[in-house]
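Single-structure report; data block below.
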Amino acid sequence: MPILVLYATVEGHSRKIAEHAANQLEELGHSVIVGDVREPGFAIPGRFDGVLLCAPIHMGRYPDAMVRFLHDWKDALEAVPTALISVT
C-alpha cells in the first residue's frame, strides 16, 4: 500500500518540500501518492500505510483547505502513522 504525501501551499514552498519528501520515500522503495488538498473535491484515494502532511503556518494558522481536510479525514488519519511538516 502507498504512503500519501499531501500538501496545501500558498507560495509553492510546501509543494516543493512535499515533492522532495515523496522522492526520498520512493528512493527508499515506498510507493507514494502526492496530492494537493486544495483541489476541489479532494479525497483520500483508497487504502494507505501512512500519511505525510505538509503545510505552511502563517500567524499561527494553517491554510483553510488543510484545516478542512484534517477535520474531514480525522478518522482515516488516526488509523495510520501520520506526520506533519509545518513550513514557516
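The values are calculated or read from the model by the stated rules, or taken from the named source; none is laboratory data. The structure displayed is predicted, hence computed values, not measured ones. Every residue, glycine among them, receives a Cβ derived from its backbone with ideal geometry; neighbour counts consider all protein chains shown.
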key: Given (1) in contact (Cβ under 8 Å) with a residue 40 or more places away in the chain; (2) in contact with a Ser or Thr (Cβ under 6 Å, 6 or more places away or on another chain), number of the condition residue 57 does not satisfy   = (1)
request  = Pick out the one residue from 65, 43 that is touching a Lys or Arg at 6+ places or on another chain (Cβ under 7 Å) and either farther than 20 Å from residue 21 by Cα or of a type in the set (S, T, N, Q) (or both).
outcome  = 65
remark   = Per the filter on segment 51-66, residues surrounded by fewer than 12 Cβ atoms within 10 Å (Cβ to Cβ) and assigned to a loop (DSSP other than H, G, I, E, B) are 59, 60
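Does residue 59 satisfy the condition of being out of contact with any Phe, Trp or Tyr (no Cβ under 9 Å at 6 or more places or on another chain), more than 11 Å from residue 87 (Cα to Cα) and among the hydrophobic types (A, V, I, L, M, F, W, C)? Talk me through it step by step, then tell me what you get.
On the way: out of contact with any Phe, Trp or Tyr (no Cβ under 9 Å at 6 or more places or on another chain): yes; more than 11 Å from residue 87 (Cα to Cα): yes; among the hydrophobic types (A, V, I, L, M, F, W, C): yes.
Yes; evaluated as a whole, the condition is true for this residue.
Output the residue which, of all residues in segment 39-50 that are assigned to a loop (DSSP other than H, G, I, E, B) and surrounded by 15 or more Cβ atoms within 10 Å (Cβ to Cβ), is modelled with the highest pLDDT. Before you say what the answer is, go through the steps one by one.
Of the residues in segment 39-50, the ones assigned to a loop (DSSP other than H, G, I, E, B) are 39-49.
Add one more test, that the residue is surrounded by 15 or more Cβ atoms within 10 Å (Cβ to Cβ), and what stays is 42, 44, 48.
Details: 42: 76, 44: 77, 48: 88.
Filtering segment 39-50 for residues that are assigned to a loop (DSSP other than H, G, I, E, B) and surrounded by 15 or more Cβ atoms within 10 Å (Cβ to Cβ), the one modelled with the highest pLDDT comes out as 48.
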query = Among the residues of segment 1-37, which ones are within 20 Å of residue 67 (Cα to Cα), among the hydrophobic types (A, V, I, L, M, F, W, C) and either in a helix (DSSP H, G or I) or free of Cβ contacts under 8 Å to residues at least 24 places away in the same chain (or both)?
reply = 17, 18
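Name the single residue, out of those in segment 67-88 being part of a strand (DSSP E or B) and either of a type in the set (Val, Ile, Thr) or in contact with a Ser or Thr (Cβ under 8 Å, 6 or more places away or on another chain) (or both), that is surrounded by the most Cβ atoms within 10 Å (Cβ to Cβ). Can you show your working first?
At the first step, the residues of segment 67-88 found to be part of a strand (DSSP E or B) are 82-87.
Cutting the leftovers down to either of a type in the set (Val, Ile, Thr) or in contact with a Ser or Thr (Cβ under 8 Å, 6 or more places away or on another chain) (or both) gives us 82, 85, 87.
Numbers: 82: 16, 85: 15, 87: 21.
The qualifying residue surrounded by the most Cβ atoms within 10 Å (Cβ to Cβ) is 87.
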ask   = of a type in the set (S, T, N, Q), in contact with a Cys (Cβ under 9 Å, 6 or more places away or on another chain) and either surrounded by fewer than 18 Cβ atoms within 10 Å (Cβ to Cβ) or at pLDDT 95 or above (or both) - does that describe any residue in segment 2-16?
value = yes
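For segment 27-38, indicate whether the set of residues that are modelled with pLDDT under 90 and within 13 Å of the chain's Cα centre (by Cα) is non-empty.
Here is the first cut: in segment 27-38, the ones modelled with pLDDT under 90 are none.
No: segment 27-38 contains no residue that is modelled with pLDDT under 90 and within 13 Å of the chain's Cα centre (by Cα).
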